[in-house]
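Colleague: Let me begin by handing over the structure; questions about it come next.
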Amino acid sequence: MVSPLALFVVALAVVIAALTLLSIRRKSAFQKGQPPVLGANGSAGARPAEPAEDPSKPVVRILFGTQTGTAERFSKQLGNELRSRYGDSTTVDVRDVETYKPEERLAREKLLVLCMATYGDGEPTDNAAIFYTWLLKEAEAVESGEKEPFLQGVAYAVFGLGNKQYEHFNAIGKKVFKALKSCGAAPVCRRGDGDDDGVIDDDFEKWCAELYEALDKSDLVGKRADQNGHHAAPPASAPAYQVEVLRGAEAREVPAFPSGSGKDVHSPFWARITTVRELHTSQSDRSCVHAELDVSGSGISYEAGDHVAIYARNSEAVVQQVADLLGFDLAALIKMSLPSDGSGDNGSLPPPLPGPISVRTALSYFADVLSSPHREALAALSTFAADREEAARLVLLGSPAGKAEYGEFIGKPRRSLLEVLQAFPSAKPTIGAFFGCVAPRLQPRFYSISSSPKQHPSSIHVTCAVVRDAMPTGRVHEGIASTWLKRHGSGAAVPVFVRHSHFRLPKSPATPVVMVGPGTGLAPFRGFLQERAALAASGAQLGPAHLFFGCRSRHTDYIYQQELEGHVAAGVLSDLHVAYSRDTAAKDYVQHHVERTAAALWPLIDEGGAHLYVCGDAKHMAKDVHKAFIALVQGGRGCSGTQAEGVVKELTDAGRYQRDVW
């Protein structure tokens, strides 16, 4: 018979062994370089813990779906305003919608506010895709009668972010607003529509004013911060991470992005650049490079038409300038964490950077200092200005009262954060505040993949126009990713991930295709043509294919000329139409060639079921080509313009007219 003491000893040994095994596994996972959880904008760090909420207080839950960081910025701005407005009477929680569990929490909310961006031509952002798909499925079940409305008692507000140049402007915000209402929730104010082609901050502020007015009249929030209805005093300090400086021989820097699978934003893969070559001739005053990324050994799979995101880095010169201005030691190893008092748990701070990390690496990969700072960043910067006049000026620029001054000093001249730091030398934020509330996170750059996995299964090709623009302030702005690609060339490594799109060739290779892509808009069609070439080599019968390409001159920027003409010779491409806008006195653009070829294209569309594709500039080219397609249908059918527009919409709804525009 076994004694109780012996049983206790055995049980204790089992527990110790289990804990030891768990510790070893965790240590092993870290040593293998498993990637940390990344924030919605690709920043590394653990997801925020669920906040401890006082059940006696009303809760405002603010969720954001973001691709470039604007929806996240607006959400935090709204959260700070609500905290100031209602003080301790109301709990305000701001979080990435990806960390939210709607099936468990949504029906229990009292007030939900969503800032939802639309990506591309009507798609959800990466971090909102799961929530969006779930919500629309639930709404469909309610609308069909399969399920009872389950959000009765939930109040909500939605602000959508998009660009009116896109046909599906704010599609995600509109659909989320409608789906919540279908599920029984009650809107507290109208849906907000932010237009990035205009002044989206003004759109947001106007909508917020309506939201505040509605909330003040409701029982959804607590009492105002004072009886007179004035805002509480602004915080005396700006949100900041706790920063530990690490010293000693045991301090080792971790990579900015531990190499992952490359399948999504949470797990970028360090790809090796094997080729970079200039596509323009020496006669061109611009630059466009072809780059090839080796993704062998990753988990990446892609299709022609997908996008690749590249995490390029700030130049050494820019990093050094910031360090000199703020007195940062670039070689110092630091580790960031949320404040121990819990002030960052409510979403006021994004997940901390990975660590230990050098200040040089942090400034290189995570600080966007070449974009214009937003007003809240200037307000935060003012708290660190030692000079009273500089502090007062920053306070004004960062306040609603200084809207006109902000437009003149920041907006019109497109002044960068780096230039602002130069203009206010006494404002020296700490490292924790600089990354917490002054410098936004540097975002990845997305490019249409210009290759096909059927020909390049372990390589992704990028066709990239190198950005170099003279700013009104006199600064020469160089595109971060494009300039980095051109300067670093073969052998360099860069974190990347693939974003899958709906921009696809027809399932049947016999279906006719019409492709319009001037300049770097040619990129996905280069992948399409490689795909068609591989299909032809396998014995598939190809349908007709028309490509409309445009450039300035045959002698300067006719990119991939030999390839395109080779595809024509091989029968992969039936017709190649090239527009040269600068080679003749009269401007010649791709839409003019579409118009001139209408008689040949209409039978392919009307009888052959052709698919139409447009890639490139949304503001001008895509609109002009869209008009050319409408005129083409109008002429082919002999119908009115309104009827022709309806036909083009039917093509869009059927997936036969697709656009990859920016």
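Values quoted throughout were computed directly from the atomic coordinates according to the rules given, and no laboratory measurement underlies them. What you see is a predicted model, and the numbers here were worked out from it, not measured in a lab. No Cβ is skipped: glycine too gets one built from the backbone with ideal geometry, and neighbour counts run over all protein chains shown.
Colleague: As a footprinting exposure proxy, order Lys428, Lys164 by other Cβ within 10 Å, with the fewest listed first.
Modeller: Ranked by crowding around the Cβ, least crowded first: Lys164, Lys428.
Colleague: When a/c reaches 1.5 or more, the comparison of a/b and b/c decides; with that in mind, is region 148-208 rounded, prolate or oblate per its Cα gyration tensor?
Modeller: Because a/c hits 1.5 or more and a/b fails to exceed b/c, region 148-208 counts as oblate.
Colleague: Something else now. Please work out the C-alpha center-to-center distance from region 330-375 to region 507-566 and express it in whole Å.
Modeller: Here the answer is 44 Å between Cα centres.
Colleague: Still on this model: Which value, in Å³ per residue, describes the convex hull spanned by the Cα atoms of region 242-438?
Modeller: Details: hull volume 38.7 nm³, N = 197.
It comes to 196 Å³ per residue, whole-number rounded.
Colleague: With +1 on each Lys and Arg Cβ and -1 on each Asp and Glu Cβ, how big is the dipole of the chain about its Cα centre, in debye rounded to the nearest 20?
Modeller: 760
Colleague: Work through the residues other than His626 whose Cβ is under 13 Å from its Cβ and net out their charges, Lys, Arg +1 and Asp, Glu -1.
Modeller: Net charge around His626: -1.
Colleague: By what distance, in whole Å, do the Cα atoms of region 103-177 stretch along each of the three principal axes, largest value first?
Modeller: 37, 26, 18
Colleague: Val113's amide H: which non-local residues (gap 5+, or another chain) put their own amide H closer than 5 Å, with H modeled 1.01 Å from N in plane and none for Pro or chain starts?
Modeller: Hits under the 5 Å cutoff: Arg61, Ile62, Leu63, Ala157.
Colleague: Please give every one of the lysines within straight-line cross-link reach of Lys507, meaning a C-alpha to C-alpha distance under 19 Å, and leave out same-chain neighbours fewer than 8 residues apart.
Modeller: Partners within reach: Lys454.
Colleague: Also, I was wondering about something else. Straight-line reach from Lys181: which lysines fall under 28 Å, measuring Cα to Cα and dropping same-chain residues less than 8 apart?
Modeller: Lys57, Lys76, Lys101, Lys110, Lys137, Lys147, Lys164, Lys206, Lys217, Lys223, Lys649
Colleague: Sorted from fewest to most neighbouring beta carbons within 10 Å, what does the list His592, His620 look like?
Modeller: The order, fewest Cβ neighbours first, is His620, His592.
Colleague: Counting only Cα, what are the radius of gyration and maximum Cα-Cα distance Dmax of region 455-506, in Å?
Modeller: 15.4, 48
Colleague: I need to check one value: relative contact order of the chain, counting alpha carbon pairs closer than 8 Å and at least 6 residues apart, in percent.
Modeller: So the answer I get is 13 percent.
Colleague: Taking amide hydrogens as modeled 1.01 Å from N in the peptide plane, which residues meet the under 5 Å criterion relative to Ala579, leaving out close sequence neighbours?
Modeller: Phe549, Gly550, Cys551
Colleague: Between Asp583 and Asp197, what FRET efficiency follows from the Cβ-Cβ distance if R0 is 45 Å, with the result rounded to 0.05?
Modeller: Values: r = 31 Å, r/R0 = 0.68.
Efficiency computed from Cβ-Cβ geometry: 0.90.
Colleague: For the chain, what mean projected area does the convex hull of the alpha carbons give, in nm²?
Modeller: Seen from a random direction, the Cα hull of the chain projects 38.9 nm² on average.
Colleague: Another question about this same structure. From the helices alone, meaning DSSP H stretches of at least four residues, give me the mean residue ellipticity at 222 nm for the chain, per-run term -39500 (n - 2.57), in deg cm²/dmol to the nearest 500.
Modeller: -10500 deg cm²/dmol
Colleague: Would region 295-348 count as rounded, prolate or oblate if I go by the C-alpha gyration tensor, calling it rounded below 1.5 in a/c and otherwise prolate when a/b exceeds b/c, oblate otherwise? Walk me through the intermediate numbers first.
Modeller: Values: a/c = 2.72, a/b = 1.44, b/c = 1.89.
Oblate, because a/c is 1.5 or more while a/b does not exceed b/c.
Colleague: Another question, if that's okay. Could you tell me how many cubic angstrom of Cα convex hull volume region 573-643 has per residue? Kindly include the intermediate steps, with their values, before the conclusion.
Modeller: Details: hull volume 8.3 nm³, N = 71.
Considering the Cα atoms of region 573-643, their hull volume per residue is 116 Å³.
Colleague: Sticking with this one: Aspartates and glutamates near Lys587 by alpha-carbon distance under 15 Å, same-chain residues fewer than 8 away left out - which ones?
Modeller: By straight Cα distance, Lys587 reaches Glu595, Asp624.
Colleague: Stretched out fully, how many nm does the piece from Ala493 to Ala251 gain, at 0.36 nm a residue minus the Cα gap? Walk me through the numbers on the way to the answer.
Modeller: Values: separation 242, 0.36 × 242 = 87.12 nm, distance 2.38 nm.
Here the answer is 84.7 nm.
Colleague: Please list, in chain and number order, the residues 5+ apart from Ala367 or on another chain whose amide H is under 5 Å from its amide H, with Hs placed from the backbone.
Modeller: For Ala367, whose amide H was placed from the backbone, the distant partners under 5 Å are Leu442.
Colleague: Separate question: Tell me the GluC sites (Glu not before Pro) within region 115-151 that lie in a loop according to DSSP and have at most 15 other beta-carbon atoms within 10 Å. Walk me through the intermediate numbers first.
Modeller: Working: sites: Glu138, Glu140, Glu143, Glu146; in loops: Glu146.
The qualifying sites are Glu146.
Colleague: DSSP loop (so not H, G, I, E, B), at most 13 other Cβ within 10 Å: list which trypsin sites (Lys or Arg not before Pro) in region 269-320 pass both filters.
Modeller: Arg286
Colleague: Also, I was wondering about something else. Considering only C-alpha atoms, what is the centroid distance from region 60-119 to region 125-151, in Å?
Modeller: 19
Colleague: I would also like to ask the following. To the nearest 10 degrees, how steeply does helix 621-637 sit against the main Cα axis of the chain, on a 0 to 90 scale?
Modeller: Taking Cα atoms only, the helix is inclined about 50 degrees.
Colleague: Applying 1/(1 + (r/R0)^6) with R0 = 60 Å to the Cβ-Cβ distance of Lys110 and Ser315, what FRET efficiency is obtained, to the nearest 0.05?
Modeller: 0.80
Colleague: Residue by residue through region 445-461, which ³J(HN,Hα) values in whole Hz follow from phi under the Karplus form 6.51 cos²θ - 1.76 cosθ + 1.60 (θ = phi - 60°), with glycine and proline marked x?
Modeller: Taking θ as phi minus 60°, the curve returns 9, 9, 10, 5, 5, 10, 8, 10, x, 5, 10, 9, x, 10, 9, 10, 9 Hz for region 445-461.
Colleague: Give or take rounding to whole Å, what are the principal axis extents of the alpha carbon atoms in region 59-216, in descending order?
Modeller: Taking the Cα atoms of region 59-216, the three principal extents are 41, 41, 25 Å.
Colleague: Taking every Cα atom in region 337-387, find the radius of gyration and the maximum pairwise distance Dmax, and write them in Å.
Modeller: Final numbers for Rg and Dmax: 13.3, 33 Å.
Colleague: Now for a different question. To the nearest 10 degrees, how steep is helix 4-31 against the longest Cα principal axis of the chain, on a 0 to 90 scale?
Modeller: Taking Cα atoms only, the helix is inclined about 40 degrees.
Colleague: Follow-up question, since we're still on this one. Normalised radius of gyration for region 416-507, please: alpha carbon Rg relative to 2.2 N^0.38 Å, two decimal places.
Modeller: For region 416-507, the normalised Cα radius of gyration comes out at 1.51.
Colleague: Still on this model: For Arg277 and Ser426 in one chain, what is 0.36 nm times their gap in residues minus the Cα-Cα distance, to one decimal in nm?
Modeller: 49.3 nm
Colleague: Above 21 angstrom, tally the Cα pairs of region 513-661 and express them as a % of all pairs, no decimals.
Modeller: Beyond 21 Å sits 43 percent of the P(r) for region 513-661.
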